[in-house]
Amino acid sequence: MYASILAGGSGTRLWPLSTKINPKQFLRLPGPHTMMQATVERIAPLVPMDHLYVVTFGAYNDSVAAQLPMLPREQIIAEPSGRGTAASIGLAATLIAARDSQAIMGSFAADHAITDVEGFRRALALAEEVAQQGYLVTLGITPTYPETGYGYIRYGAPLTQQDGLRAHTVEQFIEKPKRAVAEEYLAAGNYVWNAGIFVWRVDRILQEIRRWTPTVADVLDEIGVVAARTQGRMTQEVEQAMRAAWPRLTENITIDTGVMERASGIAVIPISVGWNDIGSWAQVATLYACDDQGNTIVEQPTDAEGQLHTHIGVQTRDTLIYNATGRLITTAGVEGLIIVDTPDGLLICSKEQAQLVKEIAERVQQAKPTA
(Lines give C-alpha, C1' and ligand atoms only; values in the text may rest on other atoms or scores of the structure.)
Protein backbone atom coordinates (compact mmCIF):
# COMPACT_ATOMS: atom_id res chain seq x y z
CA MET A 1 0.00 0.00 0.00
CA TYR A 2 1.02 3.58 -0.71
CA ALA A 3 -0.08 6.47 1.47
CA SER A 4 -0.35 10.23 1.57
CA ILE A 5 -0.35 12.16 4.83
CA LEU A 6 -1.89 15.62 4.74
CA ALA A 7 0.24 17.90 6.93
CA GLY A 8 -0.60 21.41 5.81
CA GLY A 9 -3.11 22.53 8.45
CA SER A 10 -2.51 25.63 10.56
CA GLY A 11 -4.10 24.25 13.73
CA THR A 12 -5.59 27.57 14.87
CA ARG A 13 -8.09 25.85 17.18
CA LEU A 14 -5.22 24.99 19.54
CA TRP A 15 -3.71 28.47 19.82
CA PRO A 16 -1.47 29.53 21.55
CA LEU A 17 0.32 26.16 21.62
CA SER A 18 -0.34 25.56 17.94
CA THR A 19 0.75 28.50 15.81
CA LYS A 20 1.17 29.24 12.14
CA ILE A 21 4.91 28.64 12.51
CA ASN A 22 4.53 25.41 14.53
CA PRO A 23 1.05 23.95 13.89
CA LYS A 24 -0.71 21.06 15.58
CA GLN A 25 0.71 18.23 13.45
CA PHE A 26 4.24 19.02 14.66
CA LEU A 27 3.33 19.01 18.37
CA ARG A 28 3.57 16.22 20.92
CA LEU A 29 -0.07 15.67 21.81
CA PRO A 30 -0.08 13.72 23.99
CA GLY A 31 3.45 12.41 23.23
CA PRO A 32 6.15 11.14 23.20
CA HIS A 33 6.05 11.49 19.40
CA THR A 34 4.62 14.37 17.43
CA MET A 35 1.23 13.80 15.87
CA MET A 36 2.73 13.44 12.41
CA GLN A 37 5.33 10.95 13.65
CA ALA A 38 2.58 8.97 15.39
CA THR A 39 0.58 8.91 12.14
CA VAL A 40 3.56 7.46 10.26
CA GLU A 41 4.23 4.89 12.98
CA ARG A 42 0.57 3.86 12.97
CA ILE A 43 0.60 2.86 9.31
CA ALA A 44 4.24 1.73 9.09
CA PRO A 45 3.56 -2.06 9.02
CA LEU A 46 1.36 -1.59 5.93
CA VAL A 47 3.16 1.26 4.16
CA PRO A 48 6.92 1.08 3.48
CA MET A 49 8.71 4.41 3.84
CA ASP A 50 9.46 4.34 0.11
CA HIS A 51 5.68 4.33 -0.51
CA LEU A 52 4.86 7.26 1.76
CA TYR A 53 4.20 10.83 0.59
CA VAL A 54 3.61 13.84 2.83
CA VAL A 55 1.62 16.74 1.40
CA THR A 56 2.35 20.06 3.09
CA PHE A 57 3.07 23.72 2.38
CA GLY A 58 6.48 25.13 1.47
CA ALA A 59 6.84 26.78 4.88
CA TYR A 60 6.65 23.37 6.58
CA ASN A 61 8.97 21.50 4.23
CA ASP A 62 11.92 21.58 6.59
CA SER A 63 9.78 20.68 9.61
CA VAL A 64 8.51 17.55 7.85
CA ALA A 65 12.04 16.57 6.84
CA ALA A 66 13.35 17.11 10.37
CA GLN A 67 10.61 15.04 11.98
CA LEU A 68 10.77 12.26 9.36
CA PRO A 69 14.51 11.94 8.57
CA MET A 70 14.00 8.50 6.97
CA LEU A 71 11.55 9.90 4.41
CA PRO A 72 13.20 10.75 1.05
CA ARG A 73 12.93 14.49 0.34
CA GLU A 74 11.57 13.60 -3.11
CA GLN A 75 8.44 12.30 -1.36
CA ILE A 76 7.64 15.56 0.42
CA ILE A 77 5.10 17.46 -1.66
CA ALA A 78 5.02 21.18 -0.88
CA GLU A 79 1.94 22.83 -2.37
CA PRO A 80 2.39 26.45 -3.46
CA SER A 81 -0.86 27.30 -1.65
CA GLY A 82 -3.78 25.51 -0.06
CA ARG A 83 -6.53 24.71 -2.54
CA GLY A 84 -8.49 22.08 -0.63
CA THR A 85 -8.09 18.36 -0.12
CA ALA A 86 -9.28 17.41 -3.62
CA ALA A 87 -6.11 19.00 -4.99
CA SER A 88 -3.87 17.76 -2.15
CA ILE A 89 -5.02 14.15 -2.33
CA GLY A 90 -5.20 14.26 -6.12
CA LEU A 91 -1.63 15.52 -6.30
CA ALA A 92 -0.36 12.63 -4.17
CA ALA A 93 -2.42 10.18 -6.24
CA THR A 94 -0.91 11.60 -9.42
CA LEU A 95 2.65 11.04 -8.21
CA ILE A 96 1.84 7.55 -6.95
CA ALA A 97 0.14 6.69 -10.25
CA ALA A 98 3.35 7.67 -12.04
CA ARG A 99 4.99 4.77 -10.20
CA ASP A 100 2.09 2.29 -10.25
CA SER A 101 -1.18 3.08 -12.00
CA GLN A 102 -3.01 0.32 -10.08
CA ALA A 103 -1.56 1.13 -6.66
CA ILE A 104 -3.73 1.14 -3.55
CA MET A 105 -3.42 4.43 -1.72
CA GLY A 106 -4.46 5.45 1.78
CA SER A 107 -5.03 9.09 2.71
CA PHE A 108 -4.59 10.24 6.32
CA ALA A 109 -4.55 13.48 8.26
CA ALA A 110 -1.34 14.16 10.18
CA ASP A 111 -3.13 15.49 13.26
CA HIS A 112 -5.46 12.71 14.47
CA ALA A 113 -4.99 10.55 17.56
CA ILE A 114 -5.93 6.85 17.70
CA THR A 115 -5.55 4.70 20.81
CA ASP A 116 -6.36 1.25 19.33
CA VAL A 117 -3.58 1.12 16.77
CA GLU A 118 -3.89 -2.63 16.09
CA GLY A 119 -7.62 -2.29 15.49
CA PHE A 120 -6.94 0.56 13.08
CA ARG A 121 -4.43 -1.54 11.16
CA ARG A 122 -6.92 -4.39 10.86
CA ALA A 123 -9.43 -1.96 9.40
CA LEU A 124 -6.85 -0.72 6.89
CA ALA A 125 -6.12 -4.29 5.82
CA LEU A 126 -9.82 -4.85 5.11
CA ALA A 127 -10.05 -1.48 3.35
CA GLU A 128 -7.17 -2.44 1.08
CA GLU A 129 -8.96 -5.66 0.13
CA VAL A 130 -12.21 -3.81 -0.65
CA ALA A 131 -10.37 -1.11 -2.58
CA GLN A 132 -8.81 -3.78 -4.79
CA GLN A 133 -12.35 -4.49 -5.98
CA GLY A 134 -12.70 -0.92 -7.22
CA TYR A 135 -14.51 0.70 -4.29
CA LEU A 136 -13.64 4.07 -2.85
CA VAL A 137 -13.31 3.12 0.82
CA THR A 138 -13.61 5.33 3.87
CA LEU A 139 -13.19 4.45 7.53
CA GLY A 140 -16.08 5.84 9.57
CA ILE A 141 -16.03 6.31 13.33
CA THR A 142 -18.89 4.67 15.23
CA PRO A 143 -20.43 7.61 17.13
CA THR A 144 -20.55 7.56 20.92
CA TYR A 145 -22.60 10.74 21.37
CA PRO A 146 -24.63 13.09 19.12
CA GLU A 147 -21.75 15.24 17.87
CA THR A 148 -22.78 18.22 15.72
CA GLY A 149 -19.28 19.23 14.65
CA TYR A 150 -18.67 16.27 12.31
CA GLY A 151 -20.14 15.19 9.03
CA TYR A 152 -21.90 11.80 9.01
CA ILE A 153 -22.07 8.85 6.63
CA ARG A 154 -25.18 6.67 6.34
CA TYR A 155 -24.42 3.12 5.34
CA GLY A 156 -26.49 0.28 3.98
CA ALA A 157 -26.00 -3.36 3.01
CA PRO A 158 -22.87 -5.24 4.10
CA LEU A 159 -20.29 -6.11 1.44
CA THR A 160 -17.75 -8.29 3.24
CA GLN A 161 -16.29 -8.87 6.69
CA GLN A 162 -12.93 -9.78 8.18
CA ASP A 163 -11.46 -9.94 11.71
CA GLY A 164 -14.74 -8.80 13.26
CA LEU A 165 -15.00 -5.79 10.93
CA ARG A 166 -17.55 -5.29 8.20
CA ALA A 167 -17.56 -3.13 5.08
CA HIS A 168 -20.88 -1.63 3.95
CA THR A 169 -22.13 0.26 0.94
CA VAL A 170 -22.41 4.02 1.47
CA GLU A 171 -25.86 5.50 0.95
CA GLN A 172 -25.18 9.15 1.71
CA PHE A 173 -22.62 11.66 3.00
CA ILE A 174 -24.28 14.21 5.29
CA GLU A 175 -23.03 17.64 6.39
CA LYS A 176 -22.81 18.59 10.07
CA PRO A 177 -26.31 18.12 11.55
CA LYS A 178 -28.20 19.94 14.25
CA ARG A 179 -28.37 18.35 17.70
CA ALA A 180 -31.82 16.75 17.30
CA VAL A 181 -30.83 15.20 13.97
CA ALA A 182 -27.53 13.93 15.39
CA GLU A 183 -29.49 12.23 18.18
CA GLU A 184 -31.61 10.49 15.54
CA TYR A 185 -28.49 9.29 13.76
CA LEU A 186 -27.07 7.90 16.99
CA ALA A 187 -30.28 6.01 17.69
CA ALA A 188 -30.56 4.66 14.14
CA GLY A 189 -27.26 2.78 14.40
CA ASN A 190 -26.25 2.95 10.74
CA TYR A 191 -24.47 6.30 10.79
CA VAL A 192 -20.78 6.97 11.40
CA TRP A 193 -18.69 10.10 11.75
CA ASN A 194 -16.79 11.09 8.63
CA ALA A 195 -13.16 11.10 9.77
CA GLY A 196 -11.63 11.85 6.37
CA ILE A 197 -9.68 8.57 6.22
CA PHE A 198 -9.70 7.01 2.75
CA VAL A 199 -8.32 3.99 0.87
CA TRP A 200 -8.68 3.49 -2.90
CA ARG A 201 -6.94 2.59 -6.13
CA VAL A 202 -5.23 5.66 -7.53
CA ASP A 203 -6.81 5.16 -10.94
CA ARG A 204 -10.29 5.15 -9.37
CA ILE A 205 -9.89 8.34 -7.36
CA LEU A 206 -8.27 10.16 -10.28
CA GLN A 207 -11.15 9.01 -12.48
CA GLU A 208 -13.67 10.50 -10.04
CA ILE A 209 -11.69 13.73 -9.69
CA ARG A 210 -11.74 13.97 -13.50
CA ARG A 211 -15.51 13.41 -13.54
CA TRP A 212 -16.54 15.80 -10.75
CA THR A 213 -13.78 18.43 -10.55
CA PRO A 214 -12.38 18.76 -14.08
CA THR A 215 -10.48 21.97 -13.29
CA VAL A 216 -8.51 20.15 -10.60
CA ALA A 217 -8.00 17.20 -12.95
CA ASP A 218 -6.61 19.43 -15.71
CA VAL A 219 -3.97 20.81 -13.35
CA LEU A 220 -3.12 17.33 -12.09
CA ASP A 221 -2.82 16.02 -15.64
CA GLU A 222 -0.31 18.73 -16.51
CA ILE A 223 1.77 17.90 -13.44
CA GLY A 224 1.36 14.18 -14.12
CA VAL A 225 3.05 14.42 -17.52
CA VAL A 226 6.21 15.65 -15.83
CA ALA A 227 5.85 13.27 -12.86
CA ALA A 228 5.80 10.34 -15.26
CA ARG A 229 9.30 11.28 -16.36
CA THR A 230 10.55 11.43 -12.76
CA GLN A 231 8.78 8.19 -11.71
CA GLY A 232 6.67 10.03 -9.17
CA ARG A 233 9.48 11.87 -7.40
CA MET A 234 9.21 15.53 -6.38
CA THR A 235 12.11 16.81 -8.42
CA GLN A 236 12.76 20.43 -9.32
CA GLU A 237 11.12 19.75 -12.68
CA VAL A 238 7.89 18.61 -11.02
CA GLU A 239 7.96 21.58 -8.64
CA GLN A 240 8.26 23.96 -11.59
CA ALA A 241 5.31 22.29 -13.34
CA MET A 242 3.27 22.55 -10.15
CA ARG A 243 4.05 26.24 -9.66
CA ALA A 244 3.09 26.92 -13.28
CA ALA A 245 -0.22 25.05 -13.14
CA TRP A 246 -1.34 25.78 -9.58
CA PRO A 247 -2.62 29.36 -10.12
CA ARG A 248 -5.42 27.92 -12.28
CA LEU A 249 -6.94 26.49 -9.09
CA THR A 250 -8.97 29.51 -8.05
CA GLU A 251 -11.16 27.91 -5.37
CA ASN A 252 -10.78 25.47 -2.49
CA ILE A 253 -12.51 22.14 -3.12
CA THR A 254 -12.58 19.39 -0.53
CA ILE A 255 -12.49 15.73 -1.51
CA ASP A 256 -15.74 15.26 0.43
CA THR A 257 -17.95 17.88 -1.21
CA GLY A 258 -16.15 17.83 -4.54
CA VAL A 259 -16.01 14.07 -5.07
CA MET A 260 -17.20 11.70 -2.34
CA GLU A 261 -20.69 13.20 -1.92
CA ARG A 262 -21.29 12.77 -5.66
CA ALA A 263 -19.44 9.60 -6.62
CA SER A 264 -20.79 6.04 -6.67
CA GLY A 265 -19.17 2.76 -5.67
CA ILE A 266 -18.24 3.89 -2.15
CA ALA A 267 -17.80 1.61 0.85
CA VAL A 268 -17.40 2.40 4.54
CA ILE A 269 -15.92 0.34 7.37
CA PRO A 270 -17.32 1.39 10.78
CA ILE A 271 -14.58 1.37 13.43
CA SER A 272 -14.21 2.08 17.15
CA VAL A 273 -10.50 2.71 17.69
CA GLY A 274 -10.33 5.62 20.11
CA TRP A 275 -10.21 8.20 17.33
CA ASN A 276 -9.86 11.87 18.21
CA ASP A 277 -9.27 14.67 15.72
CA ILE A 278 -8.14 16.96 18.56
CA GLY A 279 -10.09 19.80 17.06
CA SER A 280 -10.32 21.87 20.25
CA TRP A 281 -8.72 22.32 23.65
CA ALA A 282 -11.72 20.56 25.15
CA GLN A 283 -10.74 17.48 23.14
CA VAL A 284 -7.09 17.82 24.18
CA ALA A 285 -8.27 17.39 27.78
CA THR A 286 -9.61 13.92 26.93
CA LEU A 287 -6.11 12.74 25.96
CA TYR A 288 -4.81 12.99 29.53
CA ALA A 289 -5.80 11.60 32.92
CA CYS A 290 -7.73 13.88 35.25
CA ASP A 291 -7.77 14.17 39.04
CA ASP A 292 -10.70 13.45 41.36
CA GLN A 293 -12.08 16.94 40.67
CA GLY A 294 -12.04 16.39 36.92
CA ASN A 295 -9.07 18.68 36.39
CA THR A 296 -6.47 17.90 33.73
CA ILE A 297 -3.03 19.29 34.46
CA VAL A 298 -0.41 19.09 31.71
CA GLU A 299 3.05 20.41 32.54
CA GLN A 300 6.28 20.43 30.58
CA PRO A 301 9.79 20.12 32.11
CA THR A 302 11.32 23.56 32.28
CA ASP A 303 14.75 23.15 33.86
CA ALA A 304 17.84 20.99 33.44
CA GLU A 305 16.57 18.40 35.91
CA GLY A 306 13.20 18.15 34.17
CA GLN A 307 11.41 19.54 37.22
CA LEU A 308 7.65 19.90 36.76
CA HIS A 309 5.98 23.02 38.05
CA THR A 310 2.65 22.40 39.74
CA HIS A 311 -0.72 24.04 39.62
CA ILE A 312 -2.31 25.12 42.88
CA GLY A 313 -6.07 25.11 42.84
CA VAL A 314 -8.79 25.80 45.38
CA GLN A 315 -12.33 24.73 44.56
CA THR A 316 -11.33 24.16 40.95
CA ARG A 317 -13.25 21.60 38.91
CA ASP A 318 -13.39 20.25 35.35
CA THR A 319 -10.58 22.53 34.19
CA LEU A 320 -7.71 21.96 31.74
CA ILE A 321 -4.44 23.67 32.64
CA TYR A 322 -1.68 23.35 30.05
CA ASN A 323 1.54 24.88 31.35
CA ALA A 324 4.30 25.35 28.79
CA THR A 325 6.14 28.19 30.50
CA GLY A 326 6.99 26.89 33.97
CA ARG A 327 5.15 29.72 35.65
CA LEU A 328 3.02 28.80 38.64
CA ILE A 329 -0.68 28.84 37.75
CA THR A 330 -3.21 29.22 40.54
CA THR A 331 -6.99 28.99 40.33
CA ALA A 332 -9.79 29.44 42.82
CA GLY A 333 -13.51 28.94 42.58
CA VAL A 334 -13.59 28.13 38.86
CA GLU A 335 -15.14 25.33 36.83
CA GLY A 336 -15.10 24.22 33.19
CA LEU A 337 -12.19 26.40 32.09
CA ILE A 338 -9.33 26.00 29.64
CA ILE A 339 -6.10 27.71 30.69
CA VAL A 340 -3.12 27.46 28.34
CA ASP A 341 0.08 29.32 29.17
CA THR A 342 2.81 29.36 26.49
CA PRO A 343 5.60 31.77 25.49
CA ASP A 344 3.36 32.93 22.62
CA GLY A 345 0.40 33.86 24.77
CA LEU A 346 -2.04 33.04 27.55
CA LEU A 347 -5.47 31.62 26.76
CA ILE A 348 -8.39 31.51 29.19
CA CYS A 349 -11.78 30.36 27.97
CA SER A 350 -14.68 28.13 28.91
CA LYS A 351 -14.75 24.54 27.66
CA GLU A 352 -18.22 25.16 26.26
CA GLN A 353 -16.89 27.95 24.02
CA ALA A 354 -13.64 26.25 22.98
CA GLN A 355 -14.55 26.70 19.31
CA LEU A 356 -14.00 30.45 19.69
CA VAL A 357 -10.24 29.89 20.00
CA LYS A 358 -9.98 29.81 16.20
CA GLU A 359 -11.39 33.33 16.07
CA ILE A 360 -8.96 34.45 18.77
CA ALA A 361 -6.02 33.03 16.78
CA GLU A 362 -7.19 34.84 13.64
CA ARG A 363 -7.49 38.14 15.50
CA VAL A 364 -4.04 37.73 17.05
CA GLN A 365 -2.59 37.14 13.58
CA GLN A 366 -4.34 40.22 12.23
CA ALA A 367 -3.04 42.32 15.10
CA LYS A 368 0.60 41.44 14.47
CA PRO A 369 2.57 44.27 12.85
CA THR A 370 3.63 43.66 9.27
CA ALA A 371 7.26 43.98 8.29
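The values are calculated or read from the model by the stated rules, or taken from the named source; none is laboratory data. As the structure is a prediction and not an experimental result, all values here were calculated from the model. Neighbour counts run over all protein chains shown; Cβ positions are idealised from the backbone, glycine included.
In this structure, does ARG99 turn out to be under 21 Å from GLN231 (Cβ atoms), of a type in the set (Lys, Arg) and more than 18 Å from the chain's Cα centre (by Cα)?
yes
Selection of strands (runs of 3 or more DSSP E) fully inside the stretch 325-371 by the criterion of at least 3 residues being of a type in the set (Val, Ile, Thr) returns 329-335, 337-342. Hey, any hits in the stretch 266-277 for a residue that's within 27 Å of the chain's Cα centre (by Cα) and free of Cβ contacts under 8 Å to residues at least 60 places away in the same chain? Within the stretch 266-277, none of the residues are within 27 Å of the chain's Cα centre (by Cα) and free of Cβ contacts under 8 Å to residues at least 60 places away in the same chain. The one condition from (1) surrounded by fewer than 16 Cβ atoms within 10 Å (Cβ to Cβ); (2) assigned by TED's automatic domain parsing to the domain that holds ILE76 that TRP246 does not meet is (1). Within the set of pairs 6 or more residues apart or between chains, which connect a residue that is touching a residue at least 40 places away in the same chain (Cβ under 8 Å) and over 20 Å from VAL55 (Cβ atoms) inside the stretch 108-137 to a residue that is hydroxyl-bearing (Ser, Thr, Tyr) and surrounded by fewer than 20 Cβ atoms within 10 Å (Cβ to Cβ) with Cβ atoms less than 9 Å apart? Sorted first by the residue in the stretch 108-137, then by its partner, the pairs are ASP116/SER272; GLY119/SER272; LEU126/THR160; VAL130/THR160; TYR135/THR169. For the stretch 1-26, a tally of residues being part of a loop (DSSP other than H, G, I, E, B) and buried (at least 20 other Cβ atoms within 10 Å of the Cβ) returns 9.
The residues listed here are GLU222, GLU299, GLU239; of these, the one that is of a type in the set (D, E, K, R), in contact with a strand residue (DSSP E or B) (Cβ under 8 Å, 6 or more places away or on another chain), surrounded by fewer than 19 Cβ atoms within 10 Å (Cβ to Cβ) and not assigned by TED's automatic domain parsing to the domain that holds ALA324 is GLU239.
Every residue, every condition in (1) modelled with pLDDT of 95 or more; (2) among the charged types (D, E, K, R); (3) buried (at least 22 other Cβ atoms within 10 Å of the Cβ), yes or no:
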position	(1), (2), (3)
LEU159	yes, no, no
THR169	yes, no, no
GLU183	yes, yes, no
VAL192	yes, no, yes
VAL202	yes, no, yes
GLN207	yes, no, no
THR213	yes, no, yes
